[in-house]
1. Working only within region 34-55, note down all residues that are within 24 Å of Ala113 (Cβ to Cβ) and not hydroxyl-bearing (Ser, Thr, Tyr).
2. For region 12-60, how many residues are surrounded by fewer than 20 Cβ atoms within 10 Å (Cβ to Cβ) and of a type in the set (Gly, Ala, Ser)?
3. Going by the structure shown, is Ile93 buried (at least 18 other Cβ atoms within 10 Å of the Cβ) and out of contact with any Lys or Arg (no Cβ under 7 Å at 6 or more places or on another chain)?
4. Between a first residue in region 127-147 that is among the hydrophobic types (A, V, I, L, M, F, W, C) and a second residue that is open to solvent by 100 Å² or more (accessible area, probe 1.4 Å) and not in a loop (DSSP other than H, G, I, E, B), which pairs have beta carbons less than 6 Å apart while being 6 or more apart in sequence or on different chains?
5. List every residue pair whose Cβ atoms sit under 8 Å apart, with the two residues 6 or more apart in sequence or on different chains, where the first one lies in region 21-50 and is closer than 13 Å to Ile10 by Cα and the second, anywhere, is open to solvent by 70 Å² or more (accessible area, probe 1.4 Å) and basic (Lys, Arg).
Amino acid sequence: MAVRRAKVIINPVAGVRKNTTKCWSRIQKLLQDGGLVFDEQFSQKRGHARDMAFAAVNEGYGLVIAIGGDGTIHEVANGILSAEKSEQVALGIISTGTGNDLIKSVGIPKDYAQACERVLKGRVHRIDVGQVEYTDWEGQRVTRFFINGTGVGFDAEVADGSRHVPRFMGSTIPFILSLLKTLPFYRNKKFA
């Protein structure tokens, strides 16, 4: 895939100890040394990466690279897929997150130097996309896309609970602690 312009969206607080900012200068150099011409932008709050990716598609970028964890990748994918010309844009992934479920599923290396190399090669692989509609806490109807997996009920409650455990413990320990806390008290939810 020949890319005219690339947009790199970085979540500076992704990863254990929020290490993405530390990794960025090396990733930036790898991409530049590989000949990629790109504009970069840092996300500043939840939902910002989605908005930036949506704008990047509308501005004519042919490649949008997400640098962060599964949440960042989810937001960037949603921004791309929400845009009218999404089929003309590739999603590049350089993971600096903690869980890294998506890269494990699709075979992207965790080592960001190897991931940069893959992005620079420009080979595109199609993957399935799911879409879900729901009503959020404010009563608004929301549509979201997912590219790895989605969960409702028990697994969603475990994932939500793990957000409240300090990240310095990595990703596995918060998940296990939340699982143990949720298991004895979980009650089935009603879905319409």
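The values are calculated or read from the model by the stated rules, or taken from the named source; none is laboratory data. In this text, all values refer to a predicted model and were calculated from it rather than measured experimentally. Cβ placement follows ideal geometry from the backbone for every residue including glycine, while neighbour counts extend to all protein chains displayed. Areas reflect the complete protein model, heavy atoms only, side chains present, ligands, DNA and RNA absent. Shrake-Rupley method; radii C 1.70, N 1.55, O 1.52, S 1.80 Å.
1. In the first step, residues of region 34-55 are kept if they are within 24 Å of Ala113 (Cβ to Cβ); the result is 34-43, 49, 53.
Scanning region 34-55 gives Gly34, Gly35, Leu36, Val37, Phe38, Asp39, Glu40, Gln41, Phe42, Ala49, Ala53.
2. The number of residues fulfilling the criteria is 6.
3. On the way: buried (at least 18 other Cβ atoms within 10 Å of the Cβ): yes; out of contact with any Lys or Arg (no Cβ under 7 Å at 6 or more places or on another chain): yes.
When the stated conditions are applied, Ile93 passes them.
4. From region 127-147, the pairs are Phe145/Gln131.
5. Here the result reads Phe38/Arg5; Asp39/Arg5, each pair linking region 21-50 to a residue that is open to solvent by 70 Å² or more (accessible area, probe 1.4 Å) and basic (Lys, Arg).
Conditions tested, residue by residue: (1) within 17 Å of Asn11 (Cα to Cα); (2) over 12 Å from the mean Cα position of the chain (by Cα); (3) open to solvent by 50 Å² or more (accessible area, probe 1.4 Å); (4) hydrophobic (A, V, I, L, M, F, W, C).
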| position | (1), (2), (3), (4) |
| --- | --- |
| Gly62 | no, yes, no, no |
| Gly79 | yes, no, no, no |
| Ser86 | no, yes, no, no |
| Ala115 | yes, yes, no, yes |
